[in-house]
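What follows is a set of notes on a single structure, which appears directly below.
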Amino acid sequence: QVQLVESGGGLVQAGGSLRLSCAASGRTFSTYPMGWFRQAPGKEREFVAGLSRSGGTPSYADSVKGRFTISRDNAKNTGYLQMNSLKPEDTAVYYCAAARSVVTTTPSNYIYWGQGTQVTVSS
């Protein structure tokens, strides 16, 4: 069992930056590939970024490529999502998740989820 807790969300103006953190407890965080997802009101949960167990080979949704950076510090049992050049369309609740085996864009392949943190980008 892994418990995930996101933090770092908030209100920011367009063009600004935020850094989300995902603190893991329970089983060893490094055992699991991780992903960040987001869900805006009235929309389905969508993949944002993913990272392998070792922290190599990140993957990103096209909508955030070049603006967001996913990383992890397994020694601290923490994952991160650095978000730069934020746009109003990035407004959503952001979730971190631990994958069953590999990073995928499908939420059902992730077995542990945090409670989410709200990110609001004003124009």
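In table form, for the structure just shown:
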{"item": "Hydrodynamic radius (Kirkwood) for the chain, which is based on Cα pairs only, to one decimal in Å", "result": "14.1 Å"}
{"item": "Cα-Cα separations in region 15-57 greater than 15 Å, expressed as whole percent", "result": "59 percent"}
{"item": "Where region 1-69 is the region considered: accessible area per residue in Å², 1.4 Å probe", "result": "51 Å²"}
{"item": "Additional length obtainable on full extension of the chain from Thr57 to Ala40, 0.36 nm per residue less Cα span", "result": "3.5 nm"}
{"item": "Accessible surface of the chain, 1.4 Å probe, proportion on carbon and sulfur as whole %", "result": "48 percent"}
{"item": "Hydrodynamic radius (Kirkwood) for region 59-112, which is based on Cα pairs only, to one decimal in Å", "result": "12.7 Å"}
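The values are calculated or read from the model by the stated rules, or taken from the named source; none is laboratory data. Here the structure is a predicted model, which means the values were calculated and not measured. What goes into the accessible areas is simple: the full protein's heavy atoms, side chains included, and nothing from ligands, DNA or RNA. Shrake-Rupley method; radii C 1.70, N 1.55, O 1.52, S 1.80 Å.
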